[in-house]
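Input: a single structure, listed below in structure tokens.
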Amino acid sequence: MSGLLSYFDNDGKAVNVTLTAAVAKGQVVVAQGWVGIAESNGVIGETIALAIDDRAYQFTVPAALAVAKGEIIYLVLASVTGHTPQDAAYTKVPAAGSVAFFKAMEAKDANNVVIGRMLAANSMAYAS
């Protein structure tokens, strides 16, 4: 027999991360090499689950960012404070140090909300 064995562990829709800053449930979080949605509130030193699946979410984006249906929104990782992407982190232009975050299923509405399919779990490739 050649090769190493592997076994099913879980559905992979969430990952546990240890926080270095406080977060709120539903917040976009960048932590330990992952971008996801906080599934609970958390404080420094606590471990919480991040949703990292590819389902559709309602994302609030900066007012200055126009988003049309079908566009991919990226996060510039250098514009993350603590675990929180700042307004400058959101862009439509892929570049070094950015990660694909979601693909818009609808255009941004008047409340700066975009329904989008999260892509982040499939595109993370940086050292935390």
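The values are calculated or read from the model by the stated rules, or taken from the named source; none is laboratory data. Predicted model, so just to flag it, every value in this text is computed and none were measured. Here the Cβ positions follow ideal geometry from the backbone for every residue, glycine too, while neighbour counts run over all protein chains shown.
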**Message:** Between Tyr57, Tyr74, which is assigned to a strand (DSSP E or B) and out of contact with any Pro (no Cβ under 7 Å at 6 or more places or on another chain)?
**Reply:** Tyr57
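Does any residue of region 10-27 turn out to be at negative phi and part of a helix (DSSP H, G or I)?
Within region 10-27, the first condition is being at negative phi, and the residues that meet it are 10-11, 13-25, 27.
With the extra rule that they be part of a helix (DSSP H, G or I), the set shrinks to none.
Looking for residues that are at negative phi and part of a helix (DSSP H, G or I), one finds none in region 10-27, hence no.
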**Asked** If you go through region 78-92 one residue at a time, do you hit one that is of a type in the set (A, V, I, L, M) and under 23 Å from Asn10 (Cβ atoms)?
**Response** no
**Output for region 45-80, where each listed residue is touching a residue at least 40 places away in the same chain (Cβ under 8 Å) and not hydrophobic (A, V, I, L, M, F, W, C)** = Asp53, Asp54, Arg55, Tyr57, Gln58, Thr60, Pro62
**Complete:** In the set Gly97, Gly42, the lone residue that is touching a Leu at 6+ places or on another chain (Cβ under 8 Å), modelled with pLDDT under 95, more than 16 Å from Met118 (Cβ to Cβ) and not hydroxyl-bearing (Ser, Thr, Tyr) is Gly97
**Fill in**
In region 1-50, anything under 16 Å from the mean Cα position of the chain (by Cα) and charged (D, E, K, R) is listed as Lys13, Lys25, Glu39
